[in-house]
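The values are calculated or read from the model by the stated rules, or taken from the named source; none is laboratory data. Please read these numbers as outputs of a predicted model, since none were measured by experiment. As a convention, Cβ positions derive from the backbone with ideal geometry for all residues, glycine included, and neighbour counts pool all protein chains shown.
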Amino acid sequence: MQEKYIKKIKLIITLLIFAGLVWFLIVSPMLKFHENEKTLEKAARRYYELNNDKLPTGERVKTLSLNALYKESYLKNDLYAPYSGKVCSLDNSWVKVKRVNGEYNYYTYLDCGLLKSSIDHKGPTIKLNGDTEMVLDVGDKYNEQGVKSVVDNTDGKMKTDDALIRGSVDISKVGKYEIDYIAYDSLNNKGIATRTVNVVKSIKGIVKKDLKKKKNYTGSVENNYILFSNMYFRIFGLDNDGNAILVSDGDVANVNYTKIEDWLDNYYYDHITDEAKKMIVKSKYCNMKVDENNLGTTKCNSYTNKRYVYIPSIIEVNLANSNGSNFMKPLTMSWVANNMNNKKAYVTRNVFYGEEFGKNYLSYDNTFNYGVRPMLKIKGSELIYDGDGTFDNPYILKDTKRAKGGDLLNTRNTGEYITIDGVLWRIIDAMNDGTTKVIMNFSLNGEDDDSNVTNSPESSVALYNPKDKENYGYAYNNNTSKYIDTSFFVKHTVEAPVYKNKFVYGEEKKVNKYDIKFSPPNMYEMFSAQSTSYDEPSRSYWLINSSDSKKRYAGAITDIGVPLNEPVSNYAAYGIRSVGFVKKDTSIGSGKGTYNSPYTVR
């Protein structure tokens, strides 16, 4: 009997504890919450008793927020969420009044965190026709697609015409525009849906508007310049998939035709920024053989495997022609991606001289070194963030991050421009030891005899040698200081390739090493070809490539931007275009790293 009695007592105690918990955790908070609801409604009724003229007329709904009632002193004490100590939401809590059948009905909604009134407080759900996020190119037409449905949890299906449309799209300006669609239910609860319209400049959109019904630019067009991976390109046109076809504005280097693919794959592509590489579309390029009777063709019948980068073909050059003008013909002699046979390939340029005047293409030994203009494709969806397509203001993508003042020069990218003592340089590479390898954008030819260097005829060879006072290599290392402030530069180990006879990319016989400040450019390195900027004359300069052959092979670029493919004559004179290494602690002062706004250094 005693055990049964004890069990009953324990059960009663358990029930009492449970009841207590229910009371304190559920019942009491709910009672307090409902008391607060009545307090809020009472304050609103008092407000309208004293402000009878503010009651709604017709089917209108008036709303008084908890915050307004505090400000008007109709509530003296804060309403708290039970046990939390937090004040109920001032703006989300309200009392609405509406006239129904001649009587004013009050609807109270109190938001106290976990506890909320059950009255309808949500606006209608609005669904839109079409996409809620759109992308349009500048100049496209914006067609308002409107509302598909408006449904309220109390009023049910509503008329789509009840939704108000607020906002507009300026299709002439890049920007993010929002169109709001707003509907109210019978209690004036607001529902809203938003359509975001991004007006952008995509490459595809800009080019399509420029070209209208044409597939590519033609003639002497001046608004198709684009800066890609810190290098000037021209937009040729769009492919069938809407990708933009880009071709380098000028030769990057001079390479044997037989070695172009090797050079592009194993050297050039590595110098494209990582951001730019993500934009490139791997594609097939025209590489068919063309005989001399078919040099005007615009049809291709043979293509490479898919590649990241190649060079333009005769087809692209011909398609760009218009009344004798052609932006695809460079100032220098540049290879096109077609050969005549296994021994000869074609070059093009804006004008040939002498007996070849008027021709579009000349054929040469495919082991000769001539200009390489890389060609590639990037996604047409890539956005243009600045520029108008002119040389002075090229289109700008987000394919590289510009430096800030104080950034070290050795953190910058291939192709960016810097100015030192008024001389313009371009970055070739950031070296592992922290120095930055740079090349003068132009050669130093001038009235001073020191700017034109004569190579000694005394030797039976024309081997580059910076230690020989009669050698052009010596003049580079010692005469450069007459034209620029050399305090930013340091001595560095320079590799001078030596060939058995002619220069062939990757087939040097040996490499001589010298610790010097300045040297000529290497024919096969970035930006070693003649600069094609129209505001500077073409000038000759020596190259570091040389041969120990008795035929006196030495590297040089002539005044018309063409590399020597034959032995140099006695007393041959060419200018100075130096390559140097900037100190590792050199930082950037200002500028954008572009041709028209180069970085200054400090």
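Details
- Sole exception among (1) in contact with a strand residue (DSSP E or B) (Cβ under 9 Å, 6 or more places away or on another chain); (2) farther than 20 Å from Ala253 by Cα for Glu508, by number: (2)
- Test: residue in the stretch 154-164 that is charged (D, E, K, R), in the same structural domain as Asn67 (by TED's automatic domain parsing) and modelled with pLDDT under 95: no
- Annotation: of all residues in the stretch 109-144 being among the hydroxyl-bearing types (Ser, Thr, Tyr) and assigned to a strand (DSSP E or B), the one that is farthest from Asp162 (Cα to Cα) is Tyr109.
- The listed residue being in contact with a Pro (Cβ under 7 Å, 6 or more places away or on another chain) and either assigned by TED's automatic domain parsing to the domain that holds Leu79 or at pLDDT 70 or above (or both), out of Lys32, Lys42: Lys32
- Comparison of Val290, Val317 shows that the only residue that is assigned to a loop (DSSP other than H, G, I, E, B) and either crowded, with 17+ Cβ neighbours inside 10 Å or at pLDDT 95 or above (or both) is Val290.
- Qualifying residues in the stretch 76-106 (those that are outside any strand (DSSP E or B) and modelled with pLDDT of 90 or more) - the one surrounded by the most Cβ atoms within 10 Å (Cβ to Cβ): Ser93
- Matching residues, the stretch 561-588, being surrounded by 15 or more Cβ atoms within 10 Å (Cβ to Cβ), touching a residue at least 24 places away in the same chain (Cβ under 8 Å) and part of a loop (DSSP other than H, G, I, E, B): Gly561, Val562, Asn565, Pro567, Val568, Ala572, Ile576, Arg577, Ser578, Lys583, Lys584, Thr586
- Residue in the stretch 121-141 that is out of contact with any His (no Cβ under 7 Å at 6 or more places or on another chain) and free of Cβ contacts under 8 Å to residues at least 12 places away in the same chain present: no
- Residues (surrounded by 16 or more Cβ atoms within 10 Å (Cβ to Cβ), in a strand (DSSP E or B) and β-branched (Val, Ile, Thr)) located in the stretch 147-191: Val147, Val150, Ile179, Ile182
- Test for Gly146: is it touching a helix residue (DSSP H, G or I) at 6+ places or on another chain (Cβ under 9 Å) and of a type in the set (Gly, Ala, Ser): yes
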